[in-house]
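See below for the structure under consideration.
The values are calculated or read from the model by the stated rules, or taken from the named source; none is laboratory data. The model shown is predicted, which means the values in this text are computed figures rather than measured ones. Here Cβ is always computed from backbone atoms with ideal geometry, including for glycine, and neighbour counts include all displayed protein chains. We work out accessible area using only protein heavy atoms, side chains counted, and drop any ligands, DNA or RNA first. Shrake-Rupley method; radii C 1.70, N 1.55, O 1.52, S 1.80 Å.
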Amino acid sequence: HWVGTWASSPQLVDKSSAPPAPGLANTTLRQIIHVSIGGRKIRIRFSNAFGATPLTIVSAHIALPDGGSKIKTDSDKPLTFHGQQSVTIPSGALMISDPLDFNLAPLSDLTITIQLNDVPELVTTHSGSRETSYIQSGAMVSAEDLLSAAHTDHWYFINGVDVQAAKDSAAIVALGDSITDGHGATTNGNDRWTDDLARRLHADKHTRNISVLNQGIGGN
């Protein structure tokens, strides 16, 4: 029984959400997300919704974060796609990783690190991440820290995280504009109203198996 524990709406990159130098080509991109419910088996969804050309992910890893761009290296695990570590996502398409054993606690953070070579001319993003992402040249998906990384408060290509959960689990999907997306929230503070809702649900034994998926888009 797969249930989403985190999600973001895909958007077309614009000047305000364009990645800083060195850009995304030939880089390692490390991104951090905050989940609602937990699980011991997970899968990650990537989006090339707005890409005019295919997106190739050379390698993708997940790990538990350890502050800033650091990860806990003993938690680092590679993702696979149909058994392969590299995957090409067609223009306009989604790709879901193979299920992976991973102990993901509820209301915790998860680091998703991908290595990219060429990237589509049009990039799929979520501009209002309210989370800091890290971009560093080279292949460093398993590096403990990205010491020379450029910082940007946007997500790129990541679209969702699912967990294998109990049969009574379900998801609430929050639709809306910047109020839902997190306008006014603290960067890296996970204090959007949807985060508060997830914490309230988890605190009650009758609702702790209900996740919250934030699909808000600024200006929607």
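Table for the structure above
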{"read-out": "Boolean, R40 is surrounded by 15 or more Cβ atoms within 10 Å (Cβ to Cβ), modelled with pLDDT of 95 or more and of a type in the set (K, R)", "value": "no"}
{"read-out": "Residue among S69, S91, S47, S86 that alone is of a type in the set (S, T, N, Q), modelled with pLDDT of 95 or more and more than 21 Å from S17 (Cα to Cα)", "value": "S86"}
{"read-out": "Evaluation of E121 against (1) touching a Gly at 6+ places or on another chain (Cβ under 8 Å); (2) open to solvent by 50 Å² or more (accessible area, probe 1.4 Å); (3) at pLDDT 95 or above (one fails), failing number", "value": "(3)"}
{"read-out": "Pairs where the first residue, in segment 193-209, is farther than 17 Å from H183 by Cα and the second is in a loop (DSSP other than H, G, I, E, B) and not aliphatic (A, V, I, L, M), C-beta under 6 Å, 6+ apart", "value": "A198/S36; L201/T207; H202/P106; H202/R208; N209/D168; N209/S169"}
{"read-out": "Entirely in segment 1-94, the strands (runs of 3 or more DSSP E) that have 3 or more residues that are under 15 Å from the mean Cα position of the chain (by Cα) and within 27 Å of K167 (Cα to Cα)", "value": "2-7, 39-47"}
{"read-out": "Residue match in segment 174-182 (condition: assigned to a helix (DSSP H, G or I), at pLDDT 95 or above, in contact with a helix residue (DSSP H, G or I) (Cβ under 8 Å, 6 or more places away or on another chain) and of a type in the set (A, V, I, L, M, F, W, C))", "value": "yes"}
{"read-out": "Which listed residue, of D168, D162, D195, is outside any strand (DSSP E or B) and open to solvent by less than 50 Å² (accessible area, probe 1.4 Å)", "value": "D195"}
{"read-out": "Selected residue [polar (S, T, N, Q), closer than 29 Å to I114 by Cβ and surrounded by fewer than 17 Cβ atoms within 10 Å (Cβ to Cβ)] from T207, T180, T187", "value": "T187"}
{"read-out": "Pick from segment 129-148, criterion part of a loop (DSSP other than H, G, I, E, B) and touching a His at 6+ places or on another chain (Cβ under 7 Å), ranking: most open to solvent (accessible area, probe 1.4 Å)", "value": "S142"}
